[in-house]
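This report refers to the structure that appears directly beneath it.
Read-outs throughout are calculated quantities, based only on the coordinates presented, and are distinct from any laboratory measurement. The structure presented is a predicted model; accordingly, all values stated were derived computationally and were not measured. Backbone-built Cβ (ideal geometry, glycine too); neighbour counts: all protein chains shown.
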Amino acid sequence: MGREVAVSVRELVKEYDGTLALRGVSFDIYKGEVFGLLGPNGAGKTTLMNILAGILLPTSGKAEVLGHDVVRESRAVRALVGFCPQETVAYEELNAMENMMFYAGLYGLPRSEAKRRSKELLEFVRLLDVAKKPVREFSGGMKRRLNLAIALINDPEVLLLDEPTTGLDPRARRDAWHYIEGLKAEGRTILLATHYMEEADRLSDRVAIMDLGRVIALDTPEALKKSVGELSVIEVHVEEASEALKEALSALSENGKILSGEDYVRLYTRDPEAVLPKAVEATLRAGAKVISVSVSEPTLEDVFLKLTGRRLE
Ligand SMILES: Nc1ncnc2c1ncn2[C@@H]1O[C@H](COP(=O)(O)OP(=O)(O)OP(=O)(O)O)[C@@H](O)[C@H]1O
Ligand SMILES: [Mg+2]
């Protein structure tokens, strides 16, 4: 509907000697949107990002960033995108400012401009007061923030963020979400790869759920969650979810599918009123210490489970 496309991906295939990491991936990302790539380990998220960053060749298919072909015009693409890879790219022996200046140099920014932008970005990620500290003394969260500042040095219209919050504690993760929301508010187009369903849900305008090199669903988070259908989710919180408990609750769940963690089990039903008391009963019978039992809204993880029969992890 007349929305401008920032990134287009058509039938992308990537084969690494024998492994098909991408098996024909297609989608468009509109200008100004946050587009989430949600998928478990090995789904192909990083492979796709590297191709869009112009640093990895696809086996076949085509991708364009702001109208530039990522293979034929990879230099132009590299100049236009900001890429925040999964691993930190800062040099440990340099301080934060020196790192910024180094990367600014790679983009050919004049020195005064480089200085101004470096300061501005270090301030944005709250590292200006430690700008002179060697990066090796930084915490994991500080390195992540520096990684983001480095990705922004060329003032990119399109930002590729590969798992920007993996390994961060909840507070640092919320900080990162705040930065990403700020960058969206500035009108940037953001591709966000993550395996945290909460992160994809909260930040993305649309989410592509990936699994084993394919996009298996693509829509707004709301529409994806609605697709879980008429099923309600009952969440049983316990002190410890034993195998016996999982088995008992699985017997009450639609198709026997459940989602569970150390201290919870989620089960699915068309008739929550009838199943809720049964779930409580089964939980007590399994000898589990109940913390709470509630009917909850479907999450993107429930969507993934419905589509693949597996959990996201
Ligand atoms: N350089 C490589 N050589 C061979 N196989 C690779 C290479 N890089 C990735 N793969 C394989 O390609 C598939 C997709 O990997 P990729 O790193 O793109 O997934 P991902 O979704 O980013 O996973 P993660 O969540 O672990 O970062 C995996 O099966 C992986 O083992
Ligand atoms: Mg990855």
On the formula 1/(1 + (r/R0)^6), with r taken between the Cβ atoms of LYS226 and LYS31 and R0 of 25 Å, the FRET efficiency rounded to 0.05 is 0.45
How about segment 72-101: which GluC sites (Glu not before Pro) there are in a DSSP loop, with at most 12 other Cβ atoms within 10 Å of their Cβ?
GLU87, GLU92, GLU93
Exposure proxy ranking, count of Cβ atoms within 10 Å, fewest first, for GLU254, GLU313
GLU313, GLU254
List the pairs from LYS184/LYS225; LYS45/LYS306; LYS14/LYS132 whose alpha-carbon separation is above 31 Å, in the order I gave them.
LYS14/LYS132
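I need the GluC sites (Glu not before Pro) found in segment 107-197, filtered to DSSP loop residues with at most 14 other beta carbons within 10 Å of theirs.
Details: sites: GLU113, GLU120, GLU123, GLU137, GLU157, GLU181, GLU186; in loops: GLU157, GLU186.
Those satisfying the criteria are GLU186.
Which loop-located trypsin sites (Lys or Arg not before Pro) does segment 44-77 contain, where loop means any DSSP state but H, G, I, E or B and the Cβ has at most 16 other Cβ atoms within 10 Å?
Values: sites: LYS45, LYS62, ARG72, ARG75; in loops: ARG72.
Hits after loop and neighbour filter: ARG72.
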What share of Cα pairs, in percent, lie more than 27 angstrom apart in segment 5-221?
30
With a 10 Å Cβ neighbour count serving as the proxy for reagent exposure, in which order, fewest first, do SER204, SER112 appear?
SER112, SER204
Of all DSSP beta bridges located in the chain, what percent are antiparallel, nearest 5?
65
Indicate the gyration tensor shape class of segment 38-117 (rounded, prolate or oblate), computed on the Cα atoms with a ≥ b ≥ c the square roots of the eigenvalues: a/c under 1.5 is rounded; otherwise a/b larger than b/c is prolate and the rest oblate.
oblate
Find how much the distance from ARG171 to GLU243 grows on full extension, using 0.36 nm per residue of separation minus their present alpha carbon separation; answer in nm with one decimal.
22.7 nm
A correct Karplus calculation of ³J(HN,Hα) over segment 228-235, with 6.51 cos²θ - 1.76 cosθ + 1.60, θ = phi - 60°, whole Hz and x for Gly and Pro, returns 4, x, 6, 6, 9, 10, 10, 10
Relative contact order for the chain using alpha-carbon pairs under 8 Å, separation at least 6, rounded to a whole percent?
19
LYS115/ALA251 FRET efficiency (R0 45 Å; Cβ-Cβ; nearest 0.05)
0.10
